[in-house]
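Q: Attaching a single structure in structure tokens format; questions to follow.
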Amino acid sequence: MAAADREVDVLVVGAGLGGLATTMFLARLGVRVLMAEKHPTTSIHPRAIGQNPRTMELLRLAGIAEGVQQVTDHRGAKGHFTTRVAETVRGEVLGTFEEGFDHLVATTAPCSPMPWALAWQDQLEPLMRARSLQDGALIRFGTALVSYEQDAHGVTAVLRDRRSDAETTVRARYLVAADGDRSPVREGLGIARHGHGSLSHVVGTIFDADLSKVLPPDASGLYYLRNPHFSGIFIGSDRPERHTFLVEYDPERGESADDFTPDRCVELIRIGLDAPDLEPHVLDIQRWEMAARIAERWRAGRVFLVGDSAKVVPPTGGLGGNTAIGDGYDLAWKLSAVLTGQAGPGLLDSYEPERRLVAQLVMDESMHLYASRLAPHLQNRMAEPVGYAEVILGFRYRSDAVVIDDDTSRVESPARPTGRPGFRMPHVWVRRAGERISTVDLFGSGWLLMTGEDGAGWTEWALSASNELGVPIEVHGLATDLRDPDGELAERFGIGTRGASLIRPDGVVAWRTATRPDDPAATLRDVLAQVLSR
């Protein structure tokens, strides 16, 4: 084995939302992380839009939630995001439906202290990149993964600078494949995928043009174009000059992405906008496949899949990018715990079952919306969705990293949280040092113990377990630093007056008790050792 030019803890391949999230959250935890991306910079395509409250809870921990709100697309944030069906953007509107953003806000507002945001992907990625660099991550754009080998102790990878052709050998403890839907890493591992498969093939053109005299006065949101010459989508943005034009093609009819030269794309843009004299400046042309697939394995030894390399869903509902960020956070805290010795390697086995469950919920919801809006012939083939709010805030993890001893429910209404292990911790407004905060604001710095009114002793017992295992535990409760003016905390967390709830670094309940064990310190120590695979 050749000597490595650089050694890191984690090598992340790919700088989409999943790769940048993993890198950002690893760097936040002090992990030595190197991210390599073959493209020269973050995406210039708007792509995904919208960050749900769960995603904003995670971005708050990284310190960029405020920045995301500052760049949010306020047209949609005012209450709705309009989608129109027409032959051309200036032609007769054949159908209209609203994304109902105001309804989503009303549904989720009681469940989280964080608001929705509507930042486009090309606005979010630079914020994530900047934060990663600020926290010490190494980032290499224009750098491709040439090859890698893994052994019992780590991964040795060869990276190539695409500008100079210089190669670098990197030795990492773990490799994270965030290299997209067509992931070469996943394909090289022979990992199959299942799901609904390919839905359509698309060529996307991003272009600059002054459309002030072209677009109708009320034009906003998104257009599904059903034109005799093509089927496609036109998307504006809150930047007046930047636009995206997507066109479907069918390989089974002999059509290819290669057919869409810059001249052909300009021609289609003119047709779709009903503007024959328009001179758009084409910035980039990319092909992508709208599909619904989930990888059958999310881990192979020391290699993990995140984001689109692990699952891909249609953009209906805006769940794919949010889920990729969740993948990155989940994997980051677990890798950090193992790398620092707080957890045993077995903790990493919980990544796949937990995130695959969320991926399946996301696929079912996205496909239900896709069929109802764009493919009604598929509706009778779709799994029944559990509900949008339930998918993003009411999911339940099942793995060895949680202690569950009740039923098999996959979701619950986040508006009526039970505090049971596996679910996200309940949002309850409390007061601490005179300030109104949410219980959700307390998670993220490590392990957390929530206690009831008669819970003063838990602080000492948590310190005992913490010292024995070397795992810091913060204790907050009604007997110490919190006040519960609405009297909801004990009931929502299900801990009574003497019990406690152990919260993971991702805000998920790992274990709880409504009574005081005979030996609280030993019980807490044993539970923590169990979920951390010690």
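Q: Can you tell me how many residues within the range 352-387 are under 22 Å from the mean Cα position of the chain (by Cα) and either part of a helix (DSSP H, G or I) or within 17 Å of GLY326 (Cα to Cα) (or both)?
A: Here the count works out to 19.
Q: If you take the residues in the range 302-337 that are under 12 Å from ASP506 (Cβ atoms) and hydroxyl-bearing (Ser, Thr, Tyr), which one is surrounded by the most Cβ atoms within 10 Å (Cβ to Cβ)?
A: TYR329
Q: State all residues of the range 517-534 that are touching a residue at least 60 places away in the same chain (Cβ under 8 Å) and either farther than 17 Å from GLU468 by Cβ or not in a loop (DSSP other than H, G, I, E, B) (or both); if no residue qualifies, say none.
A: Those that are touching a residue at least 60 places away in the same chain (Cβ under 8 Å) and either farther than 17 Å from GLU468 by Cβ or not in a loop (DSSP other than H, G, I, E, B) (or both): PRO520, ALA521, LEU524, ARG525, VAL527, LEU528, ALA529, GLN530, VAL531.
Q: Let me ask something else. Name the single residue that is surrounded by the fewest Cβ atoms within 10 Å (Cβ to Cβ) among those in the range 393-439 being part of a loop (DSSP other than H, G, I, E, B) and of a type in the set (Ser, Thr, Tyr).
A: Of everything passing the filter in the range 393-439, THR408 is surrounded by the fewest Cβ atoms within 10 Å (Cβ to Cβ).
Q: Name the strands (runs of 3 or more DSSP E) wholly inside the range 186-279 in which the number of residues that are among the small types (Gly, Ala, Ser), touching an Asp or Glu at 6+ places or on another chain (Cβ under 9 Å) and not assigned by TED's automatic domain parsing to the domain that holds VAL306 is 3 or more.
A: Those strands (runs of 3 or more DSSP E) span 193-208.
Q: If you go through the range 218-239 one residue at a time, do you hit one that is modelled with pLDDT of 90 or more and hydroxyl-bearing (Ser, Thr, Tyr)?
A: Taking every residue of the range 218-239 in turn, none turns out to be modelled with pLDDT of 90 or more and hydroxyl-bearing (Ser, Thr, Tyr).
Q: Let me ask you something else. For the structure I just gave you, tell me whether ASP349 is of a type in the set (Asp, Glu), without any contact (Cβ under 8 Å) to a residue 24 or more places away in the chain and not in a loop (DSSP other than H, G, I, E, B).
A: No, not satisfied.
Residue-wise test of (1) surrounded by 12 or more Cβ atoms within 10 Å (Cβ to Cβ); (2) touching a Gly at 6+ places or on another chain (Cβ under 7 Å); (3) at positive phi.
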{"residue": "ASP165", "(1), (2), (3)": "no, no, yes"}
{"residue": "ILE191", "(1), (2), (3)": "yes, no, no"}
{"residue": "LEU199", "(1), (2), (3)": "yes, no, no"}
{"residue": "LEU246", "(1), (2), (3)": "yes, yes, no"}
{"residue": "SER256", "(1), (2), (3)": "yes, no, no"}
{"residue": "ASP263", "(1), (2), (3)": "no, no, no"}
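Q: Can you name the number of the only condition in (1) surrounded by 23 or more Cβ atoms within 10 Å (Cβ to Cβ); (2) at pLDDT below 95; (3) closer than 30 Å to GLY496 by Cα that SER366 fails?
A: (3)
The values are calculated or read from the model by the stated rules, or taken from the named source; none is laboratory data. Worth saying up front: this structure is predicted, and the values here are computed from it rather than measured. A quick note on method: Cβ atoms are made from the backbone with ideal geometry, for glycine too, and the neighbour counts reach across all protein chains shown.
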